[in-house]
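Below you'll find the structure, written out as structure tokens, and then a few comments.
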Number of protein chains: 2
Amino acid sequence: MLYEKDMPDSIDLGHHLSVVSRNRTLSPLKGLQKYFGKPGILSLAGGLPSPEYFPFERVGADILVAKSYADNSTSKGTFAWIWDFFSSKASTVPISVPKYPESPEDVNLATALQYGLARGLPQLQGVINELTSRIYQPAYANFVTLIHAGNTDGWMKIVTTLCNPGEGVLCSEWTYPSALATMVPYGIRSVPVKMDVQGMSSTSLRKTLTEWDEKGRGMRRPHVMYVVPVGQNPTGATMGAERKKEIYSICVEFDVIIVEDDPYYFLQEGPYRSPSQRLREQQTEMTDEKYIASLAPSFLKFDYQGRVVRLDTFSKIIAPGSRLGWFTCNPIFAERLERQGETSTQAPSGFGQSLITQLLLNWQFKGCLQWLKGLGLQYKQRRDFFIDCLFEKFHLEMAPAPYGLFEGTPIYFASQMRRGYRNEKADTRVLFSFVPPTSGMFIWFQLHFDGHPQLRELGQETLEMKLWTALAEGGLLIGPGSMFSADKAIEMSSQGHFRLSFSNATYDDLKKAVDIFEKVLREFHENA
Amino acid sequence: MLYEKDMPDSIDLGHHLSVVSRNRTLSPLKGLQKYFGKPGILSLAGGLPSPEYFPFERVGADILVAKSYADNSTSKGTFAWIWDFFSSKASTVPISVPKYPESPEDVNLATALQYGLARGLPQLQGVINELTSRIYQPAYANFVTLIHAGNTDGWMKIVTTLCNPGEGVLCSEWTYPSALATMVPYGIRSVPVKMDVQGMSSTSLRKTLTEWDEKGRGMRRPHVMYVVPVGQNPTGATMGAERKKEIYSICVEFDVIIVEDDPYYFLQEGPYRSPSQRLREQQTEMTDEKYIASLAPSFLKFDYQGRVVRLDTFSKIIAPGSRLGWFTCNPIFAERLERQGETSTQAPSGFGQSLITQLLLNWQFKGCLQWLKGLGLQYKQRRDFFIDCLFEKFHLEMAPAPYGLFEGTPIYFASQMRRGYRNEKADTRVLFSFVPPTSGMFIWFQLHFDGHPQLRELGQETLEMKLWTALAEGGLLIGPGSMFSADKAIEMSSQGHFRLSFSNATYDDLKKAVDIFEKVLREFHENA
């Protein structure tokens, strides 16, 4: 931890709050709260049903043991999933949440299913606080963790807490479209910043802020940034510590609040290596300390001023239907976000809160790390397998990108596979290019339409959709690149884009998907 | 059902939508949706984790059987809770939700815990639609039911969907403070309408709308109404069919959308009768049809134009921690509300959705009605018991209210109990008055400070808080009346107000609460 002390009082964070947030009324009972929950006091104050009338006497679950995936750390060949399939005897243990607790500190339904504080069950608060402080190691001591109903809900609450209509939010030029969709109706605009292989470029950020022309842009200089630093959506990039320090320091200089939306944090897959390289890799059991140190740090670790709001979610590490996650931020923002919760979502579902709390208490901190390590390895294997399939179906050559997003970085250029010596006219033009993702669920393809005869006539966006439709008709759905553009005015030259997810399909289907992609792409160019 | 046909196309509802709602972007994949979920198509489009990685293999619960409370329908004396206590052997049955379904139509975690549509599990949609159409019987056929994360969340979504900053919302002069707290930060003001013993007065509503002075008020005539028609919060009033028809017809005339927030709908307790009257009551098992017909109808039943948005919640009939409920409204509003969900809460928790769906499927429609009947009777018994306690501790006399909220209606006036003949100077002045609530969880006391020597000096609001504090110091927490005032400028004459809840405390504690109330109130007047 950089600092054991609180964030400096001299930093004025209050002026970042939006009009809506400042006006938000405090709980009308504020002055009376000293009497609440006083031992021996009878309360006929709230509209609470008696827990007697909750028709759930007990909820429970069979949960996977924490080490379910951790042992699968040996390097896998292309057909390893067959072995996984046959060896997958999920080992489970039962957890249970009774209506009435045996000890007052036990998780119980009489509390979890009752009206509760927007900040949620105390046991869950405890677990979340431990995960945050031990893994992310915030740079100041008085950080607050506060639950929300998933990062989409969390981002919505932040937008209305920090932004006023007419303001701009800094984001990467390619970004998560739902984050923009949340802002648009409130009249809050995206201010795209150029990217490179680590995500948002600090050079471009400084340029954007230094050269800000309030009149020309028609808005004040942005004071909020939205960033997905790990497994960037859609590019799969991972932002390292140095880049984060650079960006943080620019944000200090220009007084910008960093909103770190980090759902893929524990899906850090590292650099891609070929199957033969992977076979030579030493697989040693990592200690917890080494594992934590191996992860790209959170912006929180450098946040001595309290200007980071981090969004964590259980969506990718437990299940999306949890609709549960948490903010980590300074106490000023946390208080406003909690007030927001009181008049909208209130506390997230008590079923989810109690079952997830019981799961995490069962696993303990050590077990959580074991689960997360194992999960990360699963995604690494999926990423590796998917790129192996690309190697099988395309001729891939690595070379520095001459222009575009990854200019100067070595990337893979994919062309049609030569089909034996007889076919001397084999097409060697580049069909698409990519950087193997280092985190997350996605791979981002640049489609090279340079050689396509209809490029001049139709433009790259129409070609992108034509190819997208041909793929769908051929039986493969992927994400069209235009969805992810934060700046509709971006000069996209002759490139289209696709985002492909390797997170969910079976290994067999991932392989089939590459087959379809190869066939349809070939026909798209050949029959043009 | 009044109409089997759709609502008339000639009614223009679209102009009620707010700027925020109109701008809300459609899902960017809208044009591509025909390919989604097509059989045989491979999807690498979304960022979905594989259900393999959900650490929940099964969730389950022990649920109460539907008839748990339905048999308790015999009339109870004051000490009946003792018998209840000894006879309460909760009978439970197990329910279970596996990760993978045996048949595709079964509720399962692979779907419930995955990213899903904001409109929720299809099985839950089915159950909710059946409850809505069979119980509330909407007046048009193409109504839509859409889940939300509880009525607080639902109301928040409606406010941002229907209202623009600077507009006013019609509401009762005394109302649920959280509903107002949701509006205030968005610059939306409450427009209080006078009430009587059935809640919002139609006469006062017509007067407010007819005499609307846009310039004087500084806002256009309101086009949205917020109303809690059953178990009105805080007064406990129930609005009957005739009043609802009057209000609906005024809303047609002035083009107002009615938002019916109805969490206490199934807690309809009917008129209070004394213990001796109750003993003479015939208790016969009610058929389902008779039960449904006995309930005050929803505004939906008269809504031939689709101008009602109804908010239902599982908070009072299952448990508040469910954070699950549903809108019923016209298809135009429903589509906008669903888009709102996509960029904020998304679908409510999959744990709650799947467990509650399984509970309701286990109970079946008939069982649900049995549960609801039984629950209503429980609240009737609580209401009866609490008023019985008031009879034991105070001298209660019924007479028409000379002024105020219940002017002309017979209400109870409470004065100190005479203590035998020796005390000839027994104080007969009225200390408080009330109307026995006919639904819900609350009883609303008017505090008569007329005779209090400090009234002129301190005013009724300060006296109210002095008495509130004395009660809290004496061990009893209740809701201070000033919290519930929609109009801070209301002339409250010499009356203070308290809201007391009889929903949660044990019968023993309800009795103790009345004892404390009597003692503190007596001392408050005697020692003044």
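The values are calculated or read from the model by the stated rules, or taken from the named source; none is laboratory data. This one's a predicted model, so the numbers in the text were calculated from it and none came from an experiment. Positions of Cβ are generated from backbone atoms using ideal geometry, with glycine treated the same way; all protein chains shown enter the neighbour counts. For the accessible areas, the whole protein counts, side chains as well, though only heavy atoms, and no ligand, DNA or RNA atoms are used. Shrake-Rupley method; radii C 1.70, N 1.55, O 1.52, S 1.80 Å.
Overview of values
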read-out: Net length gained if the chain between A:Met398 and A:Ile292 were fully extended (0.36 nm per residue, minus Cα distance); value: 35.0 nm
read-out: Low-density loop cleavage sites - GluC sites (Glu not before Pro) in region B:203-312, where at most 15 other Cβ are within 10 Å (DSSP); value: B:Glu211, B:Glu281, B:Glu285
read-out: Integer Hz, Karplus 6.51/-1.76/1.60 couplings in order for region A:296-303, x for Gly and Pro; value: 4, x, 6, 4, 4, 5, 9, 8
read-out: In Hz, Karplus ³J(HN,Hα) per residue of region B:104-119 (6.51, -1.76, 1.60; θ = phi - 60°; x = Gly, Pro); value: x, 7, 6, 4, 8, 6, 4, 8, 5, 9, 8, 4, x, 5, 4, 7
read-out: Amide proton proximity set for A:Thr313, modelled H, under 5 Å, gap of 5+; value: A:Trp326
read-out: Computed over region B:121-243: relative contact order in percent, which uses C-alpha pairs under 8 Å that are six or more apart; value: 24
read-out: Length-normalised contact order of chain A in % [C-alpha pairs under 8 Å, at least 6 apart]; value: 20
read-out: Fraction of accessible area attributable to carbon and sulfur, region B:366-488 (%, probe 1.4 Å); value: 53
read-out: Dipole-positive endmost among B:Tyr272, B:Tyr291, B:Val259 within region B:259-301 (Cβ charges, Cα centre); value: B:Tyr272
read-out: Proximal lysines to B:Lys519, defined as alpha-carbon separation beneath 28 angstrom and excluding residues fewer than eight positions away on the same chain; value: A:Lys30, A:Lys34, A:Lys38, B:Lys76, B:Lys380, B:Lys393, B:Lys425, B:Lys466, B:Lys511
read-out: Pairwise FRET efficiency - B:Thr469 versus B:Thr210, Cβ, R0 = 56 Å, nearest 0.05; value: 0.85
read-out: Where the protein assembly as shown is the region considered: accessible area per residue in Å², 1.4 Å probe; value: 39
read-out: Per-copy distances of the B:Pro122 label point, shortest first, in nm (7 angstrom along Cα→Cβ); value: 4.5
read-out: Amide H contacts of A:Ser18 (H built 1.01 Å from N, under 5 Å, at least 5 apart or other chain); value: A:Leu162, A:Cys163
read-out: Set of aspartates and glutamates with alpha-carbon distance to A:Lys99 below 13 Å, sequence-local pairs under 8 removed; value: A:Glu52, A:Glu57, B:Asp62
read-out: Proximal aspartates and glutamates relative to A:Lys5, as straight alpha-carbon distance under 13 Å, when same-chain residues fewer than 8 apart are discounted; value: A:Asp303
read-out: Coil-residue trypsin sites (Lys or Arg not before Pro) of region B:314-423, DSSP, other Cβ within 10 Å capped at 16; value: B:Arg418, B:Arg419, B:Arg422
read-out: Calculated FRET value between A:Ile516 and B:Leu361, using beta carbons and R₀ = 45 Å, to 0.05; value: 0.70
read-out: For A:Gly459, inter-copy label distances in nm, listed shortest first [label point 7 Å out on the Cα-Cβ vector]; value: 6.4
read-out: Local electrostatic count, A:Ile247, Cβ distance below 12 Å [Lys/Arg +1, Asp/Glu -1]; value: 0
read-out: Spatial separation of Cα centroids for region A:140-181 and region B:195-265, in angstrom; value: 37
read-out: Residue mean of other protein chain beta carbons inside 10 Å, B:322-328; value: 3
read-out: Computed helical MRE - 222 nm, the protein assembly as shown, DSSP H runs ≥ 4 contributing -39500 (n - 2.57), nearest 500; value: -10500 deg cm²/dmol
read-out: Rounded tilt (10° steps) of A:122-131 against the dominant C-alpha axis of chain A; value: 40
read-out: Convex hull per residue volume in Å³, alpha carbons only, for the protein assembly as shown; value: 191
read-out: Given charges at beta-carbon only (K, R positive; D, E negative), |dipole| of chain B in Debye; value: 120
read-out: Position A:Thr506, label points 7 Å along Cα→Cβ, spacing to each other copy in nm (shortest first, one decimal); value: 5.7
read-out: Student exercise, the protein assembly as shown dipole from Lys, Arg, Asp, Glu Cβ charges, in Debye to nearest 20; value: 0
read-out: Accessible area buried between chains B and A, both sides summed, probe 1.4 Å, in Å² to nearest 100; value: 8800
read-out: Per DSSP, loop trypsin sites (Lys or Arg not before Pro) in region A:244-293 with at most 10 further Cβ within 10 Å; value: none
read-out: Compactness relative to 2.2 N^0.38 Å, alpha carbon Rg of chain B; value: 1.05
read-out: Chain lengthening between A:Ala528 and A:Asp509 when straightened (0.36 nm per residue, less Cα-Cα); value: 4.1 nm
read-out: Average beta carbon contacts from partner chains per residue of B:33-44, 10 Å cutoff; value: 6
read-out: Cα-based Kirkwood hydrodynamic radius, region A:270-309, one decimal, Å; value: 13.2
read-out: Rg/Rh for region B:178-219, where both radii come from Cα atoms and Rh is the Kirkwood radius; value: 1.04
read-out: Principal-axis tilt of helix A:151-162 within chain A, Cα atoms, nearest 10 degrees; value: 70
read-out: Summed residue charge, Cβ within 15 Å of B:Thr111's Cβ, Lys/Arg positive, Asp/Glu negative; value: -1
read-out: Hydrodynamic radius by Kirkwood, which averages 1/r over all alpha carbon pairs of region B:215-315, in angstrom; value: 15.8
read-out: Placed amide H near B:Gly168: partners under 5 Å, 5+ positions off or other chain; value: B:Arg189, B:His223
read-out: Degrees separating the helix A:331-342 axis from the principal Cα axis of chain A, which is the longest one; value: 80
read-out: Debye intensity ratio I(q)/I(0), log10, region B:354-410, q values 0.13, 0.20, 0.31 Å⁻¹ (C-alpha model); value: -0.62, -0.84, -1.04
read-out: Gained length - A:Glu52 relative to A:Arg217, 0.36 nm times residue gap less alpha-carbon distance; value: 53.5 nm
read-out: Distance histogram for region A:251-397 (every C-alpha pair counted, 5 angstrom bins, percent rounded to whole numbers); value: 2, 7, 12, 16, 16, 15, 12, 9, 6, 3, 2, 0
